[in-house]
Ligand code: HMG
Ligand code: MG
């Protein structure tokens with residue numbers, strides 16, 4: 001039997017959050033409902049951040065309320081602080097994510113906090129979430145390069161990973177936020193992180209800005225990672241990471257994994273339908 005690799009679908013959140021045109025809530029709900037039939041175990045649907053910072057995600061509670069929940073799917077949400085967590089719990093998110101960075105410049109630009117301040121802020125969020133029975137995922141942005149500070153040291157990524165791990169994150173997603181990582185540098189970064197967190201609790205989250213995301217996934221597979229974040233249609237990017245183009249497209253990751261002999265358990269026809277829907281939401 002083929003080895004299993006899981007794709008964590010982030011299209012409804014990371015894919016759409018950067019769109020300039022306000023996408024109707026009903027369209028977001030329709031996209032999630034389509035994706036729910038694709039075979040994903042986890043879909044990131046919502047982001048309970050400040051609506052002033054990311055207006056596109058302001059209707060996250062309405063999206064969560066509107067979707068038809070599939071039994072097998074966990075619907076995930078970003079929660080930068082206690083207020084975000086309260087909103088996620090009220091919206092019945094199945095799991096939440098705290099999101100930090102390995103570079104100070106991006107941390108300040110994205111969440112208005114130094115790395116140390118952000119970790120202090122996340123600790124009670126993670127603890128309260130876990131007490132409420134919600135699995136907590138941790139993101140680290142800028143694992144190789146920062147749009148403000150330049151190259152990022154692998155040791156810094158490992159240091160933040162160890163802190164998120166100690167907070168009880170069940171998985172840590174390593175973000176090449178601006179898609180500048182090369183396979184060699186991703187491998188170097190992973191070597192440092194693997195000293196503190198095992199491969200089975202890591203995910204790769206590689207943006208495809210420079211067209212290297214699939215190569216970076218391949219080197220991560222060699223290092224033992226078996227979970228990768230992707231967005232149908234390859235939409236998205238972070239509003240606080242200038243020049244960051246799309247997430248790696250779920251359908252492209254699926255196809256590459258299939259060639260490499262990995263099984264994702266996903267229905268390709270449904271993925272392609274979702275990709276069409278997502279691309280139709282993109283601003284001209
Ligand atoms: P701040 O301005 O320092 O926060 O922002 P504050 O606590 O001073 O609050 C300011 C205002 O925001 C207040 O409202 C709060 O109530 C409100 P006011 O009194 O002015 O009317 N507020 C909130 N409202 C709703 N929900 C909340 C919330 N928190 C505060 N949770 C904050 C700090 C973290 C809130 C802000 O910086 C923020 O929302 N940042 C999020 C930025 C973001 O979402 N970026 C994209 C996601 S990360 C990403 O894409 C990377 C990733 O994909 C991995 C990768 O690719 O690397 C994950
Ligand atoms: Mg991202």
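Each value in this text was obtained by applying a stated rule to the coordinates, not by laboratory testing. From a predicted model like this one, the values you see are computed outputs, not experimental measurements. Note that we place each Cβ from the backbone using ideal geometry, even for glycine, and neighbour counts take in every protein chain shown.
Quick look at the numbers
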read-out: Spans of helices (runs of 4 or more DSSP H) in the stretch 202-284 with at least 2 residues in contact with a helix residue (DSSP H, G or I) (Cβ under 8 Å, 6 or more places away or on another chain) and within 16 Å of ligand 1 (Cβ to nearest atom); value: 213-222, 250-259
read-out: Odd one out for residue 17, checked against (1) touching a helix residue (DSSP H, G or I) at 6+ places or on another chain (Cβ under 6 Å); (2) more than 15 Å from ligand 1 (Cβ to nearest atom); (3) touching a residue at least 40 places away in the same chain (Cβ under 8 Å); value: (2)
read-out: Qualifying residue in the stretch 4-14 (condition: more than 18 Å from the chain's Cα centre (by Cα), within 21 Å of residue 239 (Cβ to Cβ) and more than 16 Å from ligand 2 (Cβ to nearest atom)); value: no
read-out: Checking residue 223 against (1) surrounded by fewer than 21 Cβ atoms within 10 Å (Cβ to Cβ); (2) in contact (Cβ under 8 Å) with a residue 40 or more places away in the chain, the condition it does not meet; value: (2)
read-out: Count of the stretch 130-158 residues which are without any contact (Cβ under 8 Å) to a residue 12 or more places away in the chain and at positive phi; value: 2
read-out: Single match in 120, 192, 161 (criterion: farther than 21 Å from residue 94 by Cα, away from ligand 2 (no atom under 16 Å from the Cβ), in contact (Cβ under 8 Å) with a residue 12 or more places away in the chain and surrounded by fewer than 21 Cβ atoms within 10 Å (Cβ to Cβ)); value: 192
read-out: For residue 40: the one exception among (1) part of a loop (DSSP other than H, G, I, E, B); (2) within 11 Å of ligand 1 (Cβ to nearest atom); (3) touching a strand residue (DSSP E or B) at 6+ places or on another chain (Cβ under 6 Å); value: (2)
read-out: Unmet requirement for residue 169, which otherwise passes all of (1) within 13 Å of ligand 2 (Cβ to nearest atom); (2) in contact (Cβ under 8 Å) with a residue 60 or more places away in the chain; value: (1)
